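Peer 1: Let me begin by handing over the structure; questions about it come next.
The values are calculated or read from the model by the stated rules, or taken from the named source; none is laboratory data. Fair warning: this is a prediction, and the values are worked out from it, not measured in the lab. All Cβ positions, even for glycine, are placed from backbone atoms using ideal geometry, and neighbour counts span all protein chains on display. Accessible surface areas use protein heavy atoms only, side chains included; no ligands, DNA or RNA. Shrake-Rupley method; radii C 1.70, N 1.55, O 1.52, S 1.80 Å.
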Amino acid sequence: MGLDAEHGDVVSWTDRRWIDLAGAATPIIQAPMAGAGGVDLAVAAMRGGGVGSLPCALLTPDAVREQVAMLRARATGPINLNFFCHTMPPPPDEADWRALLSPYYAEYGVGPPDEAPPLRLPFDAAMCAVVEEVRPDIVSFHFGLPDRPLLERVRAAARLVIASATGVESARRLAAAGVDAVIAQGWEAGGHASDWLPTDAGAPMGLMALVPQIADAVDVPVIAAGGIADARGIAAALALGASAVQLGTAYLHCPESLIHPAHRAALAGPEAELTAFTNLISGGRARGLPGRLTRDLGPIRAEAPPYPYAASALAPLRRAAEAEGDLSFSPAWAGQSARLGRPGEPAEALTRRLAAEALALLGAKA
């Protein structure tokens, strides 16, 4: 609840399906963003009344345990652990990809890696055992769902299971699999698109078209994600049928985010209006800020190996460039709403402000 600034009336959210399910004070979820989100960001979002999320796709099982313990020691409220469920393709032939990168290797005085660095692996039995141990409030999945035996174990350990859809058919399949809510991820969202059905990748949808169609197609709450960074976006998403919103890029501006200083500066600059999908960083389709690599080569190249292999050959270049403050070979993910963020606003204050402003726009009365 909150207060109407003009009349002093108590105001409340009219659609409480997600709030009551999750046990949060507001229908705001801080998006899990690997490499950008962590304990500090989740703590601040939870203290502001939202759901705090930990991105676990790049963590070891021990790191997940440690971060959950740290989060629970510093904040109360629902915790979301996020995992990826991509299908690992066979190791590709990277000859064409490395040849495309060869001028950059020469420029930076590095070579392709002698050994493949660790890859982003899908959710597996080891991570499932951690979920069973820490018993989080929420587990969210990207790129579909794990196999049924693992999914049933997760459902027994977590209060809620949610997953992302970029199309109506994928939302239907998630609901049929028994998820407690569907994240409707619009074309506008930063980071990796959760395209796990070929039809979704071939016909991407913006959030304004996606949310009402998913809301009509499934009986579970819908969480809107993509292009929402202010109260106007929250109010619009709820009016379209969403029960909650998931915000990512808005939180990147916060001091608690873990992004590189050059990434933070670029979010407030003119290039933040020019985000585009690229497969050059990871091999998967992901929206981010323009950089040298995408300008030189174009955002999509057939030579890039499939997700998650493309990042391996980039690793030496990324290390060398980042040492000079250069993000040419780094993920600088951002959604289309990046310029709507407020640089430097703490995440707790951001969460509280957006909730209060959205309530005011909705004019909801208790």
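Peer 1: For the stretch 244-366, rounded, prolate or oblate, judged on the Cα gyration tensor with a ≥ b ≥ c (square roots of eigenvalues), a/c < 1.5 rounded, else prolate if a/b > b/c?
Peer 2: Numbers: a/c = 2.64, a/b = 2.01, b/c = 1.32.
Prolate.
Peer 1: Also, I was wondering about something else. Given Cα pairs under 8 Å that are at least 6 residues apart, what percent is the relative contact order of the stretch 157-300? Could you put the intermediate results ahead of the total?
Peer 2: Working: 243 pairs, mean separation 27.8, N = 144.
Relative contact order here is 19 percent.
Peer 1: Taking only Cα atoms and a 10 Å spring cutoff, compute GNM fluctuations for the chain and point out the largest among 212, 221, 118.
Peer 2: For the chain, modelled as a Gaussian network with Cα springs under 10 Å, the answer is 118.
Peer 1: For residue 102 and residue 121, compute 0.36 nm times the residue count separating them, minus their Cα-Cα distance, and round to one decimal in nm.
Peer 2: Working: separation 19, 0.36 × 19 = 6.84 nm, distance 2.68 nm.
Computed gain between residue 102 and residue 121 is 4.2 nm.
Peer 1: Okay, next question. Assign one of three labels to the stretch 155-283, namely rounded, prolate or oblate, based on the Cα gyration tensor with a ≥ b ≥ c the square roots of its eigenvalues; rounded applies when a/c is under 1.5, prolate when it is not and a/b is larger than b/c, and oblate otherwise.
Peer 2: Details: a/c = 1.68, a/b = 1.56, b/c = 1.07.
Here the stretch 155-283 falls in the prolate category.
Peer 1: Over the Cα atoms, compute the radius of gyration (one decimal) and Dmax (the largest Cα-Cα distance, rounded to a whole number) for the stretch 1-136, in Å.
Peer 2: 21.0, 66
Peer 1: Stokes-Einstein D for the stretch 70-165 at 37 °C, 0.692 mPa s, Kirkwood Rh over Cα pairs, in µm²/s?
Peer 2: Values: Rh = 16.3 Å.
So the translational diffusion coefficient is about 202 µm²/s.
Peer 1: Show that you can apply the helix-only estimate: for the chain, add -39,500 (n - 2.57) for every DSSP H stretch of four or more residues, divide by all residues, and state [θ] at 222 nm to the nearest 500.
Peer 2: Working: 15 runs with 143 residues, N = 366.
That calculation yields -11500 deg cm²/dmol at 222 nm.
Peer 1: Using Cα pairs under 8 angstrom and six or more residues apart, how large is the relative contact order of the chain, in percent? Mind dumping the intermediate values first?
Peer 2: Details: 773 pairs, mean separation 76.3, N = 366.
Value for the chain: 21 percent.
Peer 1: Longest span of the chain, sites excluded, free of GluC sites (Glu not before Pro) in DSSP loop with at most 14 other C-beta atoms within 10 Å?
Peer 2: Numbers: sites that count: 6, 115, 324.
Excluding the exposed sites themselves, the longest stretch runs over 116-323.
Peer 1: How much accessible area per residue does the chain have, counting only protein heavy atoms and a probe of 1.4 Å, in square angstrom? Walk me through the intermediate numbers first.
Peer 2: On the way: 14970 Å² over 366 residues.
Here the residues of the chain average 41 Å² of exposed surface.
Peer 1: Now for a separate question. With a cut-off of at most 16 other beta carbons within 10 Å, and DSSP calling the residue loop, which chymotrypsin sites (Phe, Trp or Tyr not before Pro) in the stretch 183-254 qualify? Please list them.
Peer 2: Details: sites: 187, 196, 251; in loops: 187, 196.
For chymotrypsin sites (Phe, Trp or Tyr not before Pro) across the stretch 183-254 that sit outside H, G, I, E and B with at most 16 neighbouring Cβ atoms in 10 Å, the list is empty.
Peer 1: How large is the translational diffusion coefficient of the stretch 138-207 in µm² per second when you combine the Kirkwood radius over alpha carbon pairs with Stokes-Einstein at 25 °C and 0.890 mPa s? The partial results should precede the final answer.
Peer 2: Details: Rh = 12.3 Å.
Translational D for this selection: 200 µm²/s.
Peer 1: Here's another thing I want to ask about it. Once you wrap a convex hull around the alpha carbon atoms of the stretch 201-269, what is its projected area averaged over all directions, in nm²?
Peer 2: Numbers: hull surface 24.7 nm².
The Cα convex hull of the stretch 201-269, projected and averaged over all directions, gives 6.2 nm².
Peer 1: Using a 10 angstrom cutoff on alpha carbons, build the Gaussian network for the chain and name the most mobile of 342, 65, 292.
Peer 2: 292
Peer 1: From the convex hull of the Cα coordinates of the chain, what is the mean projected area in square nanometres? All intermediate terms of the calculation are to be shown ahead of the outcome.
Peer 2: Numbers: hull surface 69.6 nm².
The directionally averaged projection comes out at 17.4 nm².
Peer 1: Expected output is a single nm value to one decimal: the length gained when fully extending between residue 176 and residue 232, i.e. 0.36 nm times separation in residues minus the C-alpha distance. What is it?
Peer 2: On the way: separation 56, 0.36 × 56 = 20.16 nm, distance 3.17 nm.
Length difference between fully extended and current span is 17.0 nm.
Peer 1: A further question on this structure: Once you place label points 7 Å from the Cα toward the Cβ at residue 273 and residue 361, how far apart are they in nm?
Peer 2: For the pair residue 273/residue 361, the computed spacing is 2.0 nm.
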